[in-house]
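**Student:** The following block contains the structure, expressed as structure tokens.
The values are calculated or read from the model by the stated rules, or taken from the named source; none is laboratory data. None of these values were measured; they are calculated from a predicted model. Ideal geometry is used to build each Cβ from the backbone, glycine not excepted, and the neighbour counts take in all protein chains shown. Surface accessibility is based on the protein's heavy atoms, side chains included, excluding ligands, DNA and RNA. Shrake-Rupley method; radii C 1.70, N 1.55, O 1.52, S 1.80 Å.
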Amino acid sequence: MRGALALGVRRDVGDNRGMTVPSTVDPAAPVAEGHVLPPLRIGPLTIDTPVVLAPMAGVTNAAFRRLCRESGAGLYVAEMVTSRALVERGEESMRIISHAPDEKPRSVQVYGVDPATVGAAVHLIASEDRADHVDLNFGCPVPKVTRRGGGSALPWKRELFESILRAAVEAARPYGVPVTVKMRKGIDSDHLTYLEAGLVAQDLGVAAVALHARTAEQYYSGTADWEAIAKLKETVTDIPVLGNGDIWSAEDAVRMVRETGCDGVVVGRGCQGRPWLFADLAAAFAGSDERITPGARYVAQVIRRHAELMVEHFGDEGKALRELRKHMAWYWKGYVVGGEQRAALGLVSSLAELDDRLAALDLDQPYPGEAAEGQRGRAGTPKRPHLPDGWLDSRDLSEDFRRSLQEAELSVSGG
């Protein structure tokens with residue numbers, strides 16, 4: 001399963017922990033012949049293939065990240081962890097930020113609404129050498145977060161946004177760990193914050209910014225506004241700008257780069273059920289048209305490998321297989337798998353049962369083409385953002401709002 005296209009990630013020679021290395025975009029950076037982009041620089045990290053796996057709760061655990069790494073190359077971010085749970089050293093939070101010995105660079109995403117708590121969480125990660133990169137989540141559109149002013153609603157409160165960034169950057173700086181930001185365009189089309197937020201991040205020493213080109217109101221519906229990514233790239237000129245939204249194929253990624261000028265791409269739902277997408281992305285960014293078009297037998301082999309890694313990760317076969325169930329519909333999108341067979345795969349509880357279910361499929365069927373491509377998961381419909389009463393009345397944060405934000409530190413995901 002290890003792809004010959006794995007181009008790797010390297011840390012620049014001469015960089016030392018405890019030394020701050022500025023993150024800059026060098027317009028003169030060499031692009032190898034045939035390559036679409038030069039390597040991506042995020043502080044002291046150099047990502048040869050400028051692709052980032054977006055953190056997704058219940059998906060981007062260590063097992064799935066390894067599966068993706070075995071296919072291609074890039075920066076693979078762990079599931080989001082809340083800052084308060086991390087500071088309290090919750091068992092699940094510490095498991096989320098655990099990495100395999102060979103996983104380099106190690107990347108985690110932190111969510112929080114209190115500057116002191118976020119700073120403490122980042123300090124824990126950096127001072128204990130638990131990650132080489134920390135991303136901050138300001139893209140979550142989940143109502144139970146935004147109704148308390150967290151996630152994609154938070155950049156609307158300028159002072160709070162700045163305070164969180166400053167606390168995180170200052171906590172990470174002594175250890176040479178770069179901090180990045182993932183955000184949305186804003187709350188809705190009348191309350192956009194991404195350009196201002198990008199400039200603030202740049203000024204405060206954030207190493208890169210990623211934009212999911214939708215508003216909180218859009219959730220995952222409609223079409224991502226790639227023009228917004230281009231505008232952010234034109235506005236934020238000293239650090240890398242990454243684009244996110246509607247990357248379902250390697251061709252989409254290359255098109256985004258060419259249309260927006262972004263320095264790299266962030267892939268989320270597009271890789272669900274097809275970790276081999278990272279092999280396609282590595283090839284595409286290297287200027288190759290080589291792509292993986294898997295037949296059913298190949299998909300079954302990947303699923304079996306995924307299951308083994310999940311068992312290794314959780315140390316509990318039953319839990320691992322229960323976690324794997326959600327992936328089945330994604331893996332078999334477009335393939336001829338009967339309703340009863342799909343239902344059975346969605347109920348597997350052991351490796352032996354999984355083997356039986358896979359063996360019962362028509363594994364000789366070829367790649368189904370267009371039917372297996374396109375959107376993964378549910379896009380849903382636009383949702384009116386749930387916000388605290390009076391949240392949009394002012395860009396400043398009242399004391400009442402400040403107290404209520406403590407309740408937004410929930411174990412949720414999104415972006």
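**Student:** Where residues in the range 196-212 are out of contact with any strand residue (DSSP E or B) (no Cβ under 7 Å at 6 or more places or on another chain) and open to solvent by less than 60 Å² (accessible area, probe 1.4 Å), which of them is nearest to VAL254 (Cα to Cα)? It would help to see each step written out before you state the result.
**Tutor:** Of all residues in the range 196-212, those out of contact with any strand residue (DSSP E or B) (no Cβ under 7 Å at 6 or more places or on another chain) come to 196, 199-200, 202-205.
Keeping just the survivors that are open to solvent by less than 60 Å² (accessible area, probe 1.4 Å) gives 200, 202, 204-205.
Working: VAL200: 28, GLN202: 25, LEU204: 30, GLY205: 28 Å.
Restricting to residues being out of contact with any strand residue (DSSP E or B) (no Cβ under 7 Å at 6 or more places or on another chain) and open to solvent by less than 60 Å² (accessible area, probe 1.4 Å), the top hit is GLN202.
**Student:** Counting only residues that are more than 23 Å from ALA131 (Cβ to Cβ) and open to solvent by less than 10 Å² (accessible area, probe 1.4 Å), which one in the range 142-155 is nearest to the chain's Cα centre (by Cα)? Walk me through it before giving the result.
**Tutor:** Step one: list which residues in the range 142-155 are more than 23 Å from ALA131 (Cβ to Cβ), which gives 142-144, 146-149, 152-153, 155.
Narrowing the set further to residues that are open to solvent by less than 10 Å² (accessible area, probe 1.4 Å) leaves 146, 149, 152-153, 155.
Details: THR146: 19, GLY149: 22, SER152: 15, ALA153: 19, PRO155: 19 Å.
Filtering the range 142-155 for residues that are more than 23 Å from ALA131 (Cβ to Cβ) and open to solvent by less than 10 Å² (accessible area, probe 1.4 Å), the one nearest to the chain's Cα centre (by Cα) comes out as SER152.
**Student:** Can you find a residue that is under 18 Å from ALA224 (Cβ atoms), touching a residue at least 24 places away in the same chain (Cβ under 8 Å) and either open to solvent by 10 Å² or more (accessible area, probe 1.4 Å) or touching a Ser or Thr at 6+ places or on another chain (Cβ under 9 Å) (or both) anywhere in the range 167-182?
**Tutor:** yes
**Student:** Could you please let me know if ARG158 is closer than 23 Å to ASP396 by Cβ, of a type outside the set (Val, Ile, Thr), open to solvent by 10 Å² or more (accessible area, probe 1.4 Å) and out of contact with any Pro (no Cβ under 7 Å at 6 or more places or on another chain)? Reasoning before the result, please.
**Tutor:** Values: closer than 23 Å to ASP396 by Cβ: yes; of a type outside the set (Val, Ile, Thr): yes; open to solvent by 10 Å² or more (accessible area, probe 1.4 Å): yes; out of contact with any Pro (no Cβ under 7 Å at 6 or more places or on another chain): yes.
When the stated conditions are applied, ARG158 passes them.
**Student:** Out of ASP238, ASP289, which single residue is without any contact (Cβ under 8 Å) to a residue 12 or more places away in the chain and out of contact with any Phe, Trp or Tyr (no Cβ under 7 Å at 6 or more places or on another chain)? Break it down stepwise before answering.
**Tutor:** Values: ASP238 fails: without any contact (Cβ under 8 Å) to a residue 12 or more places away in the chain.
It is ASP289.
**Student:** Is there a residue in the range 199-209 that is more than 16 Å from the chain's Cα centre (by Cα) and modelled with pLDDT under 95?
**Tutor:** No; the residues of the range 199-209 include none that is more than 16 Å from the chain's Cα centre (by Cα) and modelled with pLDDT under 95.
**Student:** Out of all the residues in the range 146-155, which are at pLDDT below 95 and in contact with a Ser or Thr (Cβ under 8 Å, 6 or more places away or on another chain)? Break it down into steps so the answer makes sense when it comes.
**Tutor:** Start the filter on the range 146-155 by keeping residues that are at pLDDT below 95, which leaves 146-154.
Result: THR146, ARG148, GLY149, SER152, ALA153.
**Student:** Also: What is the one condition in (1) surrounded by fewer than 18 Cβ atoms within 10 Å (Cβ to Cβ); (2) in a helix (DSSP H, G or I) that HIS123 does not satisfy?
**Tutor:** Every condition holds for HIS123 apart from (1).
**Student:** What number of residues within the range 288-299 are within 12 Å of LEU358 (Cβ to Cβ) and open to solvent by less than 10 Å² (accessible area, probe 1.4 Å)?
**Tutor:** 2
**Student:** Among the candidates THR237, THR223, THR146, THR193, which residue alone is hydroxyl-bearing (Ser, Thr, Tyr) and closer than 21 Å to GLY43 by Cβ?
**Tutor:** Values: THR223 fails: closer than 21 Å to GLY43 by Cβ; THR146 fails: closer than 21 Å to GLY43 by Cβ; THR193 fails: closer than 21 Å to GLY43 by Cβ.
Among THR237, THR223, THR146, THR193, only THR237 is hydroxyl-bearing (Ser, Thr, Tyr) and closer than 21 Å to GLY43 by Cβ.
**Student:** Sticking with this structure for a sec: Filter the range 215-245 down to residues that are surrounded by 24 or more Cβ atoms within 10 Å (Cβ to Cβ) and under 18 Å from the mean Cα position of the chain (by Cα), then give me how many there are.
**Tutor:** 8
**Student:** Further, regarding this structure: It is to be established whether one or more residues within the range 154-175 are of a type in the set (Lys, Arg) and within 30 Å of ARG69 (Cβ to Cβ). Break it down stepwise before answering.
**Tutor:** Initial filter on the range 154-175 (of a type in the set (Lys, Arg)): 157-158, 166, 173.
In the following step, the residues that additionally are within 30 Å of ARG69 (Cβ to Cβ) were identified as 173.
Within the range 154-175 (the criterion being of a type in the set (Lys, Arg) and within 30 Å of ARG69 (Cβ to Cβ)), the answer is yes, since at least one residue qualifies.
**Student:** Considering the range 334-348 alone, what residues qualify as being surrounded by 14 or more Cβ atoms within 10 Å (Cβ to Cβ) and farther than 19 Å from ALA372 by Cα?
**Tutor:** ALA344, VAL348
**Student:** In addition: Report, by residue number, each residue of the range 310-333 that is closer than 27 Å to GLY374 by Cβ, without any contact (Cβ under 8 Å) to a residue 60 or more places away in the chain and either among the aliphatic types (A, V, I, L, M) or open to solvent by 30 Å² or more (accessible area, probe 1.4 Å) (or both).
**Tutor:** Within the range 310-333, LEU324, ARG325, MET328, ALA329, TRP330 qualify.
**Student:** Having 2 or more residues that are touching a strand residue (DSSP E or B) at 6+ places or on another chain (Cβ under 8 Å) and touching a residue at least 60 places away in the same chain (Cβ under 8 Å) is the bar; report the helices (runs of 4 or more DSSP H) wholly within the range 40-112 that clear it. I'd like the intermediate steps shown before the answer.
**Tutor:** Details: elements: 62-71, 83-87, 91-96.
Qualifying helices (runs of 4 or more DSSP H): 62-71.
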